1. Checking the conditions here, which among Ala93, Ala167 is in contact with a strand residue (DSSP E or B) (Cβ under 8 Å, 6 or more places away or on another chain) and either over 17 Å from Pro40 (Cβ atoms) or in a helix (DSSP H, G or I) (or both)?
2. For the structure I just gave you, tell me whether Ile19 is of a type outside the set (Phe, Trp, Tyr), part of a helix (DSSP H, G or I), farther than 22 Å from His124 by Cβ and in contact with a strand residue (DSSP E or B) (Cβ under 8 Å, 6 or more places away or on another chain).
3. Any idea which of (1) within 20 Å of Thr143 (Cβ to Cβ); (2) in contact (Cβ under 8 Å) with a residue 60 or more places away in the chain is the one Val97 doesn't satisfy?
4. Only one of these conditions is not met by Phe87: (1) touching a residue at least 40 places away in the same chain (Cβ under 8 Å); (2) out of contact with any Phe, Trp or Tyr (no Cβ under 8 Å at 6 or more places or on another chain). Which number is it?
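All of the numbers you see were taken from the coordinates with simple rules; none came from a lab. What you are looking at is a predicted structure, and each value in this text was computed from that prediction instead of being measured. With ideal geometry, Cβ positions are generated from the backbone for all residues, glycine too; neighbour counts draw on all protein chains shown.
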Amino acid sequence: MNIQVLKYLFITTLLLSNILASKIVVLGGFLLPAAIILYPLTFLMTDVVGEIEGKKSARDLVMAGFYMSLVMVVSIVVARVLPPASFWHHQEAFETVLGATPRIVMASMIAYLASQFHDVWAFHWWRGKTGGRHLWIRNIASTVLSQGIDTVLFILIAFGGLYAWPAIAVMIGSQYLVKVGIAIFDTPFCYLLVRYYGNDRKQVQGT
C-alpha cells in the first residue's frame with residue numbers, strides 16, 4: 001500500500017473532523033468535541049510522512065488539507081442557501097447539524113495551520129537533536145506542544161461566546177489531556193507505519 005493512501009486518509013480524517021467537531025460529547029467525565037475520535041490522528045500521519053518523505057512533503061500535505069477544508073466550507077455554505085424542495089422538510093435539521101460548520105472549520109483551519117506547521121517544524125528539530133534516532137521522542141515531543149496550540153486556538157475560536165467560560169476551560173483541559181494520551185498511545189503505530197512505508201519506499205526505489 002503506497003504512502004499516498006496515508007495522505008488520502010489524512011485529508012479524509014481532517015474533513016470529517018471539521019464536521020464532527022460541532023457536537024460536544026462527554027467521555028469519562030471529559031467535555032470533548034466529537035472530532036476527538038479522529039483529529040489527533042492527523043498529527044501521527046504528518047509525522048509519518050515527514051519521517052519518510054521529509055519536511056517539505058509534510059508541509060505540502062498540511063497545505064493540501066487546508067485547501068480541501070476551504071472547498072468543504074464553500075460547498076456547505078452553497079448547499080445551505082440553495083432553496084429546498086417543497087416536499088423536503090429538513091432544512092432546519094440540516095442547518096442545525098451543518099450550520100456551525102463554517103465557524104468550526106474557520107477555527108479548525110486557524111488552529112490547524114498553527115499547530116500542524118509547528119508539529120512539522122518541531123518533529124524535524126527533534127530529529128536533528130537526536131541524530132535521527134529515538135523516533136518516539138520526536139513523535140511525542142513535537143505533538144504535545146502542537147496539540148496544546150491546536151486545542152486552545154480551536155476551542156476559543158469555535159466555542160467562545162457560545163458557552164460559559166468554565167465550560168470553555170473544561171473543554172480545553174479535557175481535550176488537551178485526551179490528545180496527549182492519544183499521542184503517547186499512538187507511538188507504537190508511528191513505528192509500525194514508518195517501518196511499513198519505509199520498506200515499501202525502498203522496494204519501489206529498488207525496482
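1. Details: Ala93 fails: in contact with a strand residue (DSSP E or B) (Cβ under 8 Å, 6 or more places away or on another chain).
Only one candidate passes the filter, namely Ala167.
2. Working: of a type outside the set (Phe, Trp, Tyr): yes; part of a helix (DSSP H, G or I): yes; farther than 22 Å from His124 by Cβ: yes; in contact with a strand residue (DSSP E or B) (Cβ under 8 Å, 6 or more places away or on another chain): no.
Considered against the rule, which asks whether it is of a type outside the set (Phe, Trp, Tyr), part of a helix (DSSP H, G or I), farther than 22 Å from His124 by Cβ and in contact with a strand residue (DSSP E or B) (Cβ under 8 Å, 6 or more places away or on another chain), Ile19 comes out as no.
3. (1)
4. The number of the failed condition is (1).
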